[in-house]
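Reviewing the structure listed below.
The values are calculated or read from the model by the stated rules, or taken from the named source; none is laboratory data. No experiment lies behind these values; they were computed from the predicted model shown. Here the Cβ is made from the backbone with ideal geometry for all residues, glycine too, and neighbour counts use every protein chain on show.
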Amino acid sequence: MPVPHVDYAVVGGLRDDYFITPDGQTHLHQLGGNALYAAVGARLWARSPAESVGLIARVGANFPAEWLDEIAQRGIDVGGVVVRPEALDTRTFYAYRSLEDRDDTDPAAHFRRIGQPLPLALAGYATSTEGQEDPAQFSPLGVRPEEVAAHYLEGRAFHLAPYDFAVHAAMPELIRRRPGRILTCDPSIRYMQPRYAREVEDIIRQLDAFLPSEMETRAFFGGALDDLWQTADAFGAMGAKCVVLKLGARGQFVYDAPTRRRWHVPAYPSRVVDVTGAGDAYCGGFLFGLTETGDPLQAALLGCVSASLVVEGTGALYALGYAPEQLAARLEAVRAAVKAI
């Protein structure tokens, strides 16, 4: 049997999600994780076996095997998922007060708010990102470089989804051992702080694209830079060839550092049901577009469409039900709305 080949690999988390939507609906024990949402964002555009998408993640023996089967059945490779023999906690809780206001702390308070008891599965839950800010220590769910499947390292492009600081610090050197690979990163809010400026810059200088949110960007500069285009220029000066500032419902600012070109890409006017994973799906679509075209604007358009599809339903795999014609129509609509700055 031939060794599988994965062109687009996403490094990040696979999670067991528990969440409350803005209208008070609960979703318990749902397959999720930023790596999966990003992989979906890329998989939407992959139309042939030569454009395979896969996951690099770490889970425990208690992670449902049927979930991995379901992911594989939907066309995303799971050969890079490390399944440890011990049980590992992959629970993630979050609650939306509105589409723009998400809180991932104190689940008991949120369930009281909607008049429901705390699910037994969330007993003892604190946070899903504990320890992610440590640049030298891998969390139990953090993939170690030596655990990455060899055939994945032959891929064309890699995306680092929000994850352990130690993973983000270690992976670029591993990936860059093979020339010509595309590498993008969406940082974790846990380490986007001024005190980690030097370590973050060490990551950024190895990237083809850096894709932080507005919140992460402002946290990193700590008020030293208020203008977002100035922050994009600063990230570019650190070495990122392209910088995308994700602005939620306001779209994205896209900055091409070598040419200093700037664009505002507005969000597609989706019928929003659940914004979970929108930023991750954007990054997956962006990775695919940048690798296929080398054009940061075209990459941003694909990312925008990926995000627009994910938010129209609930669940990480929902968006894979859209037809190619629907993607193409949205792509042209977003292209027409782009503004050069």
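Considering each residue of segment 289-310 in turn, at least one proves to be within 20 Å of residue 23 (Cβ to Cβ) and at pLDDT 95 or above.
Tally time: how many residues in segment 88-113 are β-branched (Val, Ile, Thr), outside any strand (DSSP E or B) and surrounded by 13 or more Cβ atoms within 10 Å (Cβ to Cβ)?
Within segment 88-113, the subset β-branched (Val, Ile, Thr) is 90, 92, 105.
Adding the requirement that they be outside any strand (DSSP E or B) leaves 90, 105.
Checking which are surrounded by 13 or more Cβ atoms within 10 Å (Cβ to Cβ) leaves us with 90.
Here the count works out to 1.
Please verify whether residue 155 is without any contact (Cβ under 8 Å) to a residue 40 or more places away in the chain and out of contact with any Cys (no Cβ under 6 Å at 6 or more places or on another chain), treating the condition exactly as stated. Answer is no for this residue.
Filtering segment 48-71 down to residues that are modelled with pLDDT under 95 and closer than 21 Å to residue 280 by Cβ, which residue is surrounded by the most Cβ atoms within 10 Å (Cβ to Cβ)? That would be 52.
Filter segment 166-188 for residues that are in a helix (DSSP H, G or I) and hydrophobic (A, V, I, L, M, F, W, C) and give the result.
Restricting attention to segment 166-188, the residues satisfying the condition of being in a helix (DSSP H, G or I) are 166-175.
Residues satisfying the conditions are 166, 167, 169, 170, 171, 174, 175.
Contact map, segment 42-67: residues that are touching a residue at least 24 places away in the same chain (Cβ under 8 Å) and under 20 Å from residue 300 (Cβ atoms) paired with residues that are in a strand (DSSP E or B) and among the hydrophobic types (A, V, I, L, M, F, W, C), Cβ distance under 8 Å, separation 6+ or inter-chain. Pairs shown: 42/10; 42/53; 43/53; 43/76; 46/53; 53/9; 53/10; 53/76.
Each residue in segment 199-211 was checked for being over 17 Å from residue 225 (Cα atoms) and in a helix (DSSP H, G or I), and 4 of them qualify. Is there a residue being out of contact with any strand residue (DSSP E or B) (no Cβ under 7 Å at 6 or more places or on another chain) and closer than 18 Å to residue 33 by Cα anywhere in segment 104-117? Within segment 104-117, one or more residues are out of contact with any strand residue (DSSP E or B) (no Cβ under 7 Å at 6 or more places or on another chain) and closer than 18 Å to residue 33 by Cα.
So if I check each of 249, 267, 234, 224, which one is surrounded by fewer than 20 Cβ atoms within 10 Å (Cβ to Cβ), at negative phi, part of a loop (DSSP other than H, G, I, E, B) and out of contact with any Cys (no Cβ under 6 Å at 6 or more places or on another chain)?
On the way: 249 fails: part of a loop (DSSP other than H, G, I, E, B); 267 fails: surrounded by fewer than 20 Cβ atoms within 10 Å (Cβ to Cβ); 234 fails: part of a loop (DSSP other than H, G, I, E, B).
From the options 249, 267, 234, 224, the qualifying one is 224.
The single condition among (1) within 19 Å of the chain's Cα centre (by Cα); (2) hydroxyl-bearing (Ser, Thr, Tyr); (3) surrounded by fewer than 22 Cβ atoms within 10 Å (Cβ to Cβ); (4) not in a loop (DSSP other than H, G, I, E, B) that residue 217 does not satisfy is (3). The number of residues in segment 276-320 being closer than 15 Å to residue 37 by Cβ and more than 17 Å from the chain's Cα centre (by Cα) comes to 2.
Being touching a strand residue (DSSP E or B) at 6+ places or on another chain (Cβ under 6 Å) and either aromatic (Phe, Trp, Tyr) or crowded, with 18+ Cβ neighbours inside 10 Å (or both) is a condition met by at least one residue of segment 271-282. Condition check for residue 85 on (1) surrounded by 19 or more Cβ atoms within 10 Å (Cβ to Cβ); (2) part of a loop (DSSP other than H, G, I, E, B); (3) modelled with pLDDT of 95 or more: one failure, at (1). Determine if segment 225-240 includes at least one residue that is under 19 Å from the mean Cα position of the chain (by Cα) and touching a residue at least 40 places away in the same chain (Cβ under 8 Å). There is no residue in segment 225-240 that is under 19 Å from the mean Cα position of the chain (by Cα) and touching a residue at least 40 places away in the same chain (Cβ under 8 Å).
Among residues of segment 277-304 that are on the phi < 0 side of the Ramachandran plot, those with a beta-carbon under 8 Å from a residue that is in a helix (DSSP H, G or I) and β-branched (Val, Ile, Thr) at least six positions away or on a different chain give the pairs 278/310; 281/40; 281/310; 284/40; 285/305; 299/293; 301/334; 304/334.
Scanning segment 270-283 for residues that are in a helix (DSSP H, G or I) and not charged (D, E, K, R) turns up 278, 279, 281, 282, 283.
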